[in-house]
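K.L.:
What follows is a structure written as structure tokens; I'll ask about it next.
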Amino acid sequence: MNRFVAAERALRTAAPHQLLDAVRDVLGRNYAAESVDLFMADYGLTVLQPVSDLPHTTEPVPVHNSTVGRAFGSQEPFTEDLGGERRRVHLPVAVRGDRLGVLSVTLPADHLTEDTLTELADIAEVLGHEVLVAERDTDLYLQARRKDRLTLAAEMQWQLLPGRSCSRPEYDLGAQLEPAYAIFGDNFDWSASADRLVLYITNGMGEGIEAALLTHLGINALRNARRAGIPIEDQAALADQAIYAQYRGSSHLSVLMVDFELSTGLMRVVDAGSPQMLRLRDKRVECVEFEAQLPLGMFDETDYVVQEFQCEPGDRLVFVSDGVHAVAAPGGETYGEKALERAITSTRLLPAAEVPRAVLRELTGHRGGPKPQDDALVVCLDWHGRPAHEP
């Protein structure tokens, strides 16, 4: 049997909690691997945590300034020379652009041919898919993602998310929430079909469990309406009714809803609250203003109106919650549009998946302390447009 096929079969038939054991066994037998380790990116995207059975864990490695982190950041295999005719290759583990972690394999140098490296990279990709499937049945990989304990509200919010990054020929998406281990009501959601990408940026009022419950109700109401195939203005109206029926106007959900037509880049937008959108085009950043409408759930039977906006190939769109654009520095001044423009300009060469974390680091510096008073959410979308050969 072809050794790659054997590795793929071993992963697909392994018990959910034994994926690492399976890949270690097959790489040892068929690729002469001396050691195999799987690192998962933590919720804050600051460290890569080794997967092992709790409480027997080894030390995490930083995302920045480490060989493992280099493969994670570049999303390309990175080979490390260990001396003595041994090599260690670090392979990104990702699923459709969603960066999960890194698979590190140590093997004799004379076994690391170009074909072997390609096969190992493919095995790491298969492993990523199997990890996502396995998370339905085991907590092992979710536990490995956390360097600290999540609050209950944060647990609820992370479980609600579609992922942290996504790639298609037409676009690249990246998103990050802070404080990663204690978020309240900020959230994002996306869904793509052959023709459309729908994106929600949400900011639920309140703190802790109350904010998380409000966001859960709002996101699931929007998903329910979206999956019924109705337009975003009606999605907003139905979610508005669901939230008002539960809270009678005492709590509401701010949301920016965007429906992209993938063939043209035409955006249909409903702006119902505080999230903002900034556009980087030709090295110039500007805040894009839409018609402000009422947050979801503030009043009964609110009608929502769609606006249209044209996205051009090469545009970078950055969506932020009020925990970013309205955060105050020690002197009282808000982060504001100018500081956001500087942060977006300074990160223009980074891939979309790296931008949210970089902007949030800038925010931490402005805030003057590591502990935010409010959630902070950044979503970055790089629009490439549909390739000419596609229908």
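K.L.:
Nothing charged except the Cβ atoms of Lys and Arg (+1) and of Asp and Glu (-1): what's the magnitude of the dipole of segment 1-156 about its Cα centre? Round to the nearest 20 debye.
P.N.:
220
K.L.:
Let me ask another. Determine the order of Glu291, Glu80 by accessible area, beginning with the largest, at a probe radius of 1.4 Å.
P.N.:
Most to least solvent-accessible, the answer reads Glu291, Glu80.
K.L.:
Note down the net charge around Glu207, summing +1 for each Lys or Arg and -1 for each Asp or Glu among other residues with Cβ under 12 Å from its Cβ.
P.N.:
-4
K.L.:
Express the carbon and sulfur contribution to the solvent-accessible surface of segment 216-320 as a percent, rounded to the nearest whole number, probe 1.4 angstrom.
P.N.:
Carbon plus sulfur share of accessible area: 44 percent.
K.L.:
Sort the following peptides by mean Cβ neighbour count (other Cβ atoms within 10 Å, averaged over residues), highest first: 238-246, 173-181.
P.N.:
Put in order of decreasing packing, that is 173-181, 238-246.
K.L.:
Can you list the residues, at least 5 places off or on another chain, whose amide H is less than 5 Å from the amide H of Tyr171, using H built in the peptide plane?
P.N.:
His384
K.L.:
Something else: Kindly identify segment 134-223 as rounded, prolate or oblate by the Cα gyration tensor criterion: order the square roots of the eigenvalues as a ≥ b ≥ c, call it rounded if a/c is under 1.5, otherwise compare a/b with b/c, prolate if a/b is larger, else oblate.
P.N.:
Because a/c hits 1.5 or more and a/b fails to exceed b/c, segment 134-223 counts as oblate.
K.L.:
Continuing with the same structure: Shape call for segment 201-293 from the C-alpha gyration tensor, a ≥ b ≥ c root eigenvalues: rounded (a/c under 1.5), prolate (a/b greater than b/c) or oblate?
P.N.:
oblate
K.L.:
Just the number please: accessible area per residue for the chain, 1.4 Å probe, all protein chains included, in Å².
P.N.:
Averaged over the residues of the chain, the accessible area is 44 Å².
K.L.:
Picking from Ser167, Leu142, Ala124, whose Cα lies most toward the positive end of the charge dipole for segment 124-168 (charges on Cβ: Lys, Arg +1; Asp, Glu -1)?
P.N.:
Ser167
K.L.:
Using the Kyte-Doolittle scale, find the helices of the chain whose mean hydropathy is at least -1.0 and whose Cα atoms extend 27 Å or more along the helix's long axis, counting only whole DSSP H runs.
P.N.:
Those that pass (Cα extent of 27 Å or more, hydropathy at least -1.0) are 114-134, 208-227.
K.L.:
Could you give P(r) for segment 40-183, binned at 10 Å from zero, as whole percent values over all Cα-Cα pairs?
P.N.:
Histogram of Cα-Cα distances, whole percents per bin: 11, 39, 36, 12, 3, 0.
K.L.:
Using the crude model of +1 on Lys and Arg Cβ and -1 on Asp and Glu Cβ, and no other charge, please compute the dipole size for segment 142-198 relative to its Cα centre, in debye to 20.
P.N.:
Using only the charged Cβ atoms, the result is roughly 280 debye.
K.L.:
While we're looking at this one, here's another question. Calculate log10 I(q)/I(0) of the chain for q = 0.08, 0.11 Å⁻¹, where I(q) comes from the Debye formula with a single equal point scatterer on each Cα and nothing for solvent.
P.N.:
Values returned for q = 0.08, 0.11 Å⁻¹ are -0.45, -0.83.
K.L.:
Working with all protein chains in place, sort His111, His216 by solvent-accessible area computed with a 1.4 Å probe, largest first.
P.N.:
The ranking, largest first, comes out as His111, His216.
K.L.:
Follow-up question, since we're still on this one. Under a Cβ-only charge scheme (Lys and Arg +1, Asp and Glu -1), can you give me the dipole magnitude of the chain about the Cα centre, in debye to the nearest 20?
P.N.:
Dipole about the Cα centre, nearest 20: 580 debye.
K.L.:
Let me ask another. Cβ neighbours within 10 Å, averaged per peptide: list 161-171, 251-261, 353-363, 275-285 in order, most packed at the top.
P.N.:
Values: 161-171: 18.8, 251-261: 24.4, 353-363: 22.2, 275-285: 16.8.
Ranked by mean Cβ neighbours within 10 Å, highest first: 251-261, 353-363, 161-171, 275-285.
K.L.:
For Thr46 paired with Asn2, estimate the spin-label separation in nm (one decimal), with each label point 7 Å from Cα along the Cα-to-Cβ line.
P.N.:
Taking the two extended label points, one gets 4.4 nm.
K.L.:
In whole percent, what relative contact order does segment 76-183 give with Cα contacts below 8 Å and a gap of six or more residues?
P.N.:
22
K.L.:
Turning to a different aspect of this structure: Considering only DSSP beta bridges where both residues belong to the chain, give the percentage that are antiparallel (nearest 5).
P.N.:
Numbers: 81 of 81 bridges.
So the antiparallel bridges amount to about 100 percent of the total.
K.L.:
Okay, moving on. Please report, in cubic angstrom per residue, the volume enclosed by the convex hull of the alpha-carbon atoms of segment 6-93.
P.N.:
On the way: hull volume 10.6 nm³, N = 88.
Expressed per residue, the convex hull around the Cα atoms of segment 6-93 is 120 Å³.
The values are calculated or read from the model by the stated rules, or taken from the named source; none is laboratory data. Predicted model, so just to flag it, every value in this text is computed and none were measured. A quick note on method: Cβ atoms are made from the backbone with ideal geometry, for glycine too, and the neighbour counts reach across all protein chains shown. Surface accessibility is based on the protein's heavy atoms, side chains included, excluding ligands, DNA and RNA. Shrake-Rupley method; radii C 1.70, N 1.55, O 1.52, S 1.80 Å.
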